[in-house]
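Scroll down for the structure; my scribbles are underneath it.
The values are calculated or read from the model by the stated rules, or taken from the named source; none is laboratory data. None of these values were measured; they are calculated from a predicted model. Glycine gets a Cβ as well: all are built from the backbone with ideal geometry, and neighbour counts include every protein chain shown. Side chains are part of the model used for accessible areas, which takes the heavy atoms of the whole protein and leaves out ligands, DNA and RNA. Shrake-Rupley method; radii C 1.70, N 1.55, O 1.52, S 1.80 Å.
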Amino acid sequence: MGNKRRRAQESEEESEEELDEELDEEMEEEDEDGEPGAPGKRPATYNMDAIHEKLEDIGWTSEVDWEETQAITTEAPTQVANVEDDLARELAFYNQALSAAQAAIRRFQGAGVPWLRPLDYYAEMVKSDQHMAKVKEQLMFEQKQIEAAEERRKQREAKQYGKQVQLAKNKERAAEKKKAITDVTKLRKQREKSGFAGELDMDAQLAGMEAERRRPMNVKQLGDRSGGRGGPPTPSKKRQARDSKFGFGGRKSLKKQNDAYSAADMDGYKPGKFKESFGARKGGVQKKSGGGAKGGKGAQRPGKQRRQAMKGGKGGRR
């Protein structure tokens, strides 16, 4: 496949070179023939009458005042050291135009001809009034679209804000309703406790309860979370004993761990007691002094059969 593709490309290149050679030969033959319509062989024309006529057409500027042509040439020639320098070239053009404009203003002032545009002068527009009306209509349409979009955005924000305000008002009304129901229930319970004594003034009672609720609390009431009932209840003696023995919450894992002061404290150390409890034992297994609660001092524990017989009681052995 690669060889066939390479051969096809070489054949195409050879055909293009042959076509170029044929075109070059045809162009050389046409040049040698020298036909009148051939390019590069147009006959020269020297018409003196036509040249003078054109000079008369463009020479009218010398016959009229300078204010009609306003053609001016700078006094100093424009010279640029390096024509490839864009900044220097543009600066030279600027200086040339500035000097020409200043010279023209001086000539206008010398001749007494006004050269500034009056303040109330309105020149004719390049575009027609119909076109400018269409442009104005399009601009006004775009401005209306922008204002409509802004108004829709404001309405959305106001709607969201209105929803938030309405939600807050609903919550406030629900809280007020709940508070009113609670006050009425509390007042009814107080009347029941008092045996419905006296006449009931509902408005005065509710106003008093509201004032009591809004009264600032003292430090003790702020620390008391029992609702004014005198603080937390006192625990029982049983609970106090268990708390003193086992604790009542908190970290206990390192409670019996020594520190530098407790490890260096030797007040509770008694060498005699230490030897009695942990000293070397002589003569085999040593028995603890004292006896049990039943056998008395120095009494030994009965054997297994005797204990079983004692458990049997009056009925004898089972």
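Given the conditions (1) modelled with pLDDT of 85 or more; (2) within 30 Å of Pro114 (Cα to Cα), which single one is not true for Asp49? Here Asp49 clears every test but (2).
Quick check, is Asp57 modelled with pLDDT of 80 or more and either under 30 Å from Trp115 (Cβ atoms) or open to solvent by less than 100 Å² (accessible area, probe 1.4 Å) (or both)? Criteria met by Asp57.
The residues of region 66-75 that are exposed (fewer than 10 other Cβ atoms within 10 Å of the Cβ) and without any contact (Cβ under 8 Å) to a residue 24 or more places away in the chain amount to a single one, Ala71.
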